[in-house]
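Enquirer: Starting off with a structure, shown below.
What follows is calculated from the coordinates using simple rules that are stated; it is not laboratory data. This structure is a prediction, so every number in the text was calculated from the model and none was measured. Don't worry about glycine lacking a Cβ; one is built from the backbone with ideal geometry, like all the others, and counts go over all protein chains shown.
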Amino acid sequence: MNIPDSDSEQTFYERLRRRFIGAPRDINEPSLFHKISLIPILAWIGLGADGLSSSSYGPEEAFKALGPHTYLAIFIAIATALTVFIIAYAYSRIIEHFPYGGGGYIVSTHTISSSAGVIAGSALLVDYVLTITVSLASCGDAIFSYLPPAFLHYKLPFVVGLIILLVFLNLRGVKESVTFLAPIFIVFVVTHILLIGYGLGTHLGEIGPVVEKYRGSMNQDLSTIGFVGIIAIFLRAFSMGGGTYTGIEAVSNAMNVMREPKVQTGKRTMVYLAVSLAVTASGLLFCYALFAIRPAPGRTLNAILADLTFSGWPLGGALALITILSEGALLMVGAQSGFSGGPSVMANMATDAWLPRRFSALSERLTMQNGVLLMGAASLAVLFYTNGSVSALVVMYSINVFLTFSLSQFGMAKFFFQNREKDKDWARHIVIHLIGLILCLTILILTVYEKFGEGGWVTLVITSALIGLCYLIRSHYRKVRAGVRELEEIVASVPSGHVPNEEPPNTNERTAILLVSGYNGFGLHSWLSVFREFPKLYRNFIFVSVAEIDSGVFKGAAEIEALKASISDQLAKYVKLARSYGYAADSRIQVGTDVVETATHLCQSIVQEFPKATVFTGKLVFRHEYPFQKILHNETAFAIQRRLQWVGITTVILPILVHL
């Protein structure tokens, strides 16, 4: 049989996709993991930008919340730096104990319960969607604030374009997107070193008078509103600046993109992130206090600070403009963490059956393509819902991240307490997580209290709806699994035959090619169905399986080799069973990320060897078909059948009845 070469018949869409997205990566390439992983500096750029970009609005929100009590800015600055270091250290411990990503979802699932895990995971996903939307909408505001008002109606299409651009970049690969955005990050870091360093350096001599002035303001407040009133103002301002900490968890969520050794790379990235964020956020707050910055309509506090700091410099106006524009541009880089961490969390939840399994699949570029596309679509939906209003988005933002923070800190405290006999330093570790828990719970409670009536309830409703959807999805998968288990109990009793055949398959005999996913009820049912439907027609059986590389397996070369070995062992059981009944049998295995593509090419090569072959594959069939079942269960069998029949290979789909 003459089998056409499908590679030479690529459609226009496939050629266009490869031109812009890139050629498929070779999963068997020895240096693959090294090429696509991130070193600490690149990880800091790609994942730390979310936290660092929050210094564009977090410290400002905290300072504005102080009102006339600006002397508290010094204490807010100190508290901000301490909080950053405490949360960052706590997440470094999470990286050490959970080095394969997933962050708060994995921690909550393994240390508290699966229910806590789905709450943390759902909260993280909503937070990442809001991270993307808030960051890019803020970027649009920053850029269009320097353009004539006549251009303002182009802001929403501009932000839509940014979301599409980031989706495109992340479909190519995380490393490619980070490399593309790196220059923006570097400009931000350099300009803000100059802004904060020069601002503090030129005002060191004024610290004494400023302290005296603030001491007088504090004494006045003590005599009027009292110590409790001062604490209340401080806590409110501290919580309103909670957006400052929203990117700290990104590193632990996206550990899958770190270069080996992952733990050391992740912890070093966390150090870079913590130091840069603490210095930037607290440094800006100190500058606000030293310069006596006051809010002005239509201008950010950072813009006012940049103008005052660089006013005496040659080209100082241009440098101030570059500084503020770099903040706006960095917000675009900060949105990258949503496209890195969000799909990673989705993949972990899909592996645990909380989300459709397709979200754990990898594309031919080894990216979590489905997760990237969903994050982009969800961000566009939120953008249009709020009409790109940053004020509306900020109200919805930062609630969920502190819910996840709180669950993670509680889970780690529980983990160290339960393992106190194994870890002699458990008391030292648990203290950090308990402090982190208190801080995060405080910010969470105050944030919900402040923002609930203003629109924060929308975030809680969306998160609750997502949690409910996750439970429905998992309930369906469990029912299917129970139905399959009944099938396996029936076919597992198939006895071995007593007419062993050790002869190799004859290429001139009729051959049945059976696509199986492993030694299970599906495969055995398919094999028995061939006997029932086509008695004594086939003399050869070739058992074929694709070792699918999804996000759960794609963690290192060792994991891929372990998967291949496991699949090979399971195929050997089929071969042994078929031979025991007097049939010639063999097996084939191929590694790939796309089951349809890989299985199609593998079957084509087998048919070249066995021209009288028919391909068989099984498919779940339910009594009642609903649209959501097509989302939760892929149409792999139909896709393979369509491709193989197009090139002239007979392919039969065997129904596997599942009673729910």
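Enquirer: Taking Cα pairs under 8 Å and at least six residues apart, what relative contact order does the chain come out at, in percent?
Expert: Reported relative contact order: 20 percent.
Enquirer: Follow-up. So what J values fall out for region 70-87 if you push phi through Karplus, 6.51 cos²θ - 1.76 cosθ + 1.60 with θ = phi - 60°, rounded to Hz, Gly and Pro as x?
Expert: Residue by residue, region 70-87 yields 5, 4, 6, 4, 4, 6, 5, 4, 5, 5, 5, 4, 4, 5, 4, 5, 5, 5 Hz.
Enquirer: Mind giving me the FRET efficiency for residue 509 and residue 445? R0 is 60 Å, r the Cβ-Cβ distance, nearest 0.05 is fine.
Expert: So the FRET efficiency works out to roughly 0.25.
Enquirer: In whole Å, largest first, what are the principal axis extents of the Cα atoms in the chain?
Expert: Taking max minus min along each principal axis of the Cα atoms, the chain gives 99, 56, 43 Å.
Enquirer: Determine the relative contact order of region 324-410: mean sequence separation of Cα pairs under 8 Å and six or more apart, normalised by residue count, in whole percent. Walk me through the intermediate numbers first.
Expert: Numbers: 48 pairs, mean separation 15.8, N = 87.
Rounded, it is 18 percent for region 324-410.
Enquirer: Rounded to the nearest 20 debye, what is the charge dipole size of region 511-658 about its Cα centre when +1 sits on each Lys and Arg Cβ and -1 on each Asp and Glu Cβ?
Expert: Here the size comes out at about 560 debye.
Enquirer: Under a Cβ-only charge scheme (Lys and Arg +1, Asp and Glu -1), can you give me the dipole magnitude of the chain about the Cα centre, in debye to the nearest 20?
Expert: Using Cβ point charges on Lys, Arg, Asp and Glu, the chain gives about 680 debye.
Enquirer: Between region 304-361 and region 444-505, what is the separation of their alpha carbon centroids in Å?
Expert: About 33 Å separates the Cα centre of region 304-361 from the one of region 444-505.
Enquirer: Quick one: if you stick a label point 7 Å off each Cα along the C-beta vector at residue 562 and residue 154, how many nm between them?
Expert: My value for the distance between the label points is 5.4 nm.
Enquirer: Can you figure out the FRET efficiency of residue 207 with residue 428, using R₀ = 41 Å and their beta-carbon distance, to the nearest 0.05?
Expert: On the way: r = 35 Å, r/R0 = 0.85.
My answer for the efficiency is 0.75.
Enquirer: How many nm separate the modelled label positions at residue 384 and residue 194, each set 7 Å beyond the Cα in the direction of the Cβ?
Expert: Result for the modelled spin labels: 4.2 nm.
Enquirer: Follow-up. I need the phi-derived Karplus couplings for region 343-352: 6.51 cos²θ - 1.76 cosθ + 1.60, θ = phi - 60°, integer Hz, Gly and Pro marked x.
Expert: Per-residue couplings from phi come out as x, 5, 5, 4, 5, 5, 5, 5, 4, 8 Hz.
Enquirer: Taking Rh as the Kirkwood radius, which is the inverse of the mean 1/r over Cα pairs, what is the Rg/Rh value for region 48-98?
Expert: Ratio of gyration radius to Kirkwood radius: 1.10.
Enquirer: Another question about this same structure. What is the helix-to-structure angle for 399-418, meaning the angle in degrees between its Cα long axis and the longest Cα principal axis of the chain, kept from 0 to 90 and rounded to the nearest 10?
Expert: 70 degrees
Enquirer: Right, next: Per 0.36 nm of contour for each residue apart, how much would the distance between residue 645 and residue 621 grow if the chain were fully extended, relative to their Cα-Cα spacing?
Expert: Contour length minus the Cα-Cα distance gives 6.5 nm.
Enquirer: Rank by packing, highest mean first: peptides 225-233, 595-603, with packing defined as the count of other Cβ atoms within 10 Å averaged across residues.
Expert: So the peptides 225-233, 595-603, ranked by packing, come out 595-603, 225-233.
Enquirer: Hey, if you put +1 on the Cβ of every Lys and Arg and -1 on every Asp and Glu Cβ in the chain, which of 195, 408, 264 ends up farthest toward the positive end of that dipole?
Expert: My answer, from the dipole projection, is 408.
Enquirer: For the chain, find the longest principal axis of its Cα atoms and tell me its angle to the long axis of helix 557-580, 0 to 90°, nearest 10.
Expert: Here the helix axis deviates by roughly 20 degrees.
Enquirer: At most 12 other Cβ atoms within 10 Å and a DSSP loop assignment: could you name the trypsin sites (Lys or Arg not before Pro) in region 352-453 that fit?
Expert: Hits after loop and neighbour filter: 422, 424.
Enquirer: Continuing with the same structure: Starting from the Cα gyration tensor of region 127-200, take the square roots of the eigenvalues, sort them a ≥ b ≥ c, and report rounded, prolate or oblate (rounded when a/c is under 1.5, otherwise prolate if a/b is larger than b/c, else oblate). Intermediate results must be reported in sequence, preceding the final value.
Expert: On the way: a/c = 2.08, a/b = 1.11, b/c = 1.87.
Since a/c reaches 1.5 but b/c is at least a/b, the shape of region 127-200 is classed as oblate.
Enquirer: Suppose R0 equals 56 Å. What FRET efficiency, 1/(1 + (r/R0)^6) with r the Cβ-Cβ distance, do residue 580 and residue 631 give to the nearest 0.05?
Expert: 0.90
Enquirer: In addition: Percent antiparallel among DSSP beta bridges with both residues in the chain, to the nearest 5?
Expert: Approximately 5 percent, going by the DSSP bridge assignments.
Enquirer: To continue, here is another question. Among 570, 435, 500, whose Cα sits farthest toward the positive end of the charge dipole of the chain (+1 at Cβ of Lys/Arg, -1 at Cβ of Asp/Glu, about the Cα centre)?
Expert: 500
Enquirer: Sort 541-550, 340-349 by packing, meaning the average of other beta carbons within 10 Å per residue, with the highest value first. Intermediate values should be presented prior to the final figure.
Expert: On the way: 541-550: 23.0, 340-349: 28.7.
Ranking the peptides 541-550, 340-349 by packing returns 340-349, 541-550.
Enquirer: With 27 Å as the cut-off, how large is the P(r) tail for region 378-525, expressed as percent of Cα-Cα pairs?
Expert: 60 percent
Enquirer: With a ≥ b ≥ c taken as the square roots of the eigenvalues of the C-alpha gyration tensor of region 509-660, please select rounded if a/c is under 1.5 and otherwise prolate if a/b is larger than b/c or oblate if it is not?
Expert: It comes out rounded by the Cα gyration axes.
Enquirer: At 0.36 nm per residue, and after removing the present C-alpha to C-alpha distance, how many nm does the segment from residue 605 to residue 472 gain when stretched out fully?
Expert: Going from the current span to full extension adds 43.8 nm.
Enquirer: With a point put 7 Å past each Cα toward its Cβ, work out how far residue 97 is from residue 168 in nm, to one decimal.
Expert: Going by the 7 Å Cα→Cβ label model, 4.4 nm.
Enquirer: Write out the trypsin sites (Lys or Arg not before Pro) in region 558-639 meeting two conditions: DSSP loop, and at most 14 other Cβ atoms within 10 Å of their Cβ. Numbers along the way, then the final one.
Expert: Working: sites: 564, 573, 576, 579, 588, 612, 619, 623, 630; in loops: 612, 623.
Answer by residue number: 623.
Enquirer: Treating the angle as unsigned and between 0 and 90°, give the value, to the nearest 10°, between the Cα long axis of helix 301-310 and the longest Cα principal axis of the chain.
Expert: The angle comes out at about 60 degrees.
Enquirer: Run the numbers on region 363-446 and let me know its relative contact order in percent, using alpha-carbon pairs under 8 Å that are six or more apart.
Expert: Averaging sequence separation for qualifying contacts and normalising by length gives 27 percent for region 363-446.
Enquirer: Can you tell me which of 436-443, 160-167 comes out highest on packing, and rank the rest after it, using the mean Cβ neighbours within 10 Å?
Expert: By packing density, highest mean first, the sequence is 436-443, 160-167.
Enquirer: So if I take the centroid of the Cα atoms in region 393-415 and the same for region 125-166, what is the distance between those two points in Å?
Expert: Spelled out, the Cα-based centre of one part sits 26 Å from the other.
Enquirer: Using the C-alpha atoms of region 375-421, what convex hull volume per residue, in cubic angstrom, is computed?
Expert: So the per-residue hull volume is 74 Å³.
Enquirer: Using modelled amide H (1.01 Å from N, peptide plane; none on Pro or chain starts), what sits under 5 Å from the amide H of residue 258, excluding residues fewer than 5 places away?
Expert: Hits under the 5 Å cutoff: 38.
Enquirer: Tell me, what ³J(HN,Hα) does each residue in region 638-645 have, in order and in whole Hz, if you take phi through Karplus 6.51 cos²θ - 1.76 cosθ + 1.60 with θ = phi - 60° and put x for Gly and Pro?
Expert: Rounded to whole hertz, the list is 5, 5, 5, 4, 4, 5, 6, 5.
Enquirer: Taking the Cα centre as origin and putting +1 on Lys and Arg beta-carbons and -1 on Asp and Glu beta-carbons, what dipole magnitude results for region 93-178, to the nearest 20 debye? Let's see the in-between values first.
Expert: Numbers: 4 positive and 4 negative charges, 22 e Å.
So the dipole magnitude of region 93-178 works out to roughly 100 debye.
Enquirer: Does region 177-235 come out rounded, prolate or oblate, given a ≥ b ≥ c as the square roots of the eigenvalues of its C-alpha gyration tensor, rounded meaning a/c under 1.5 and, failing that, prolate meaning a/b above b/c?
Expert: Verdict is oblate for region 177-235.
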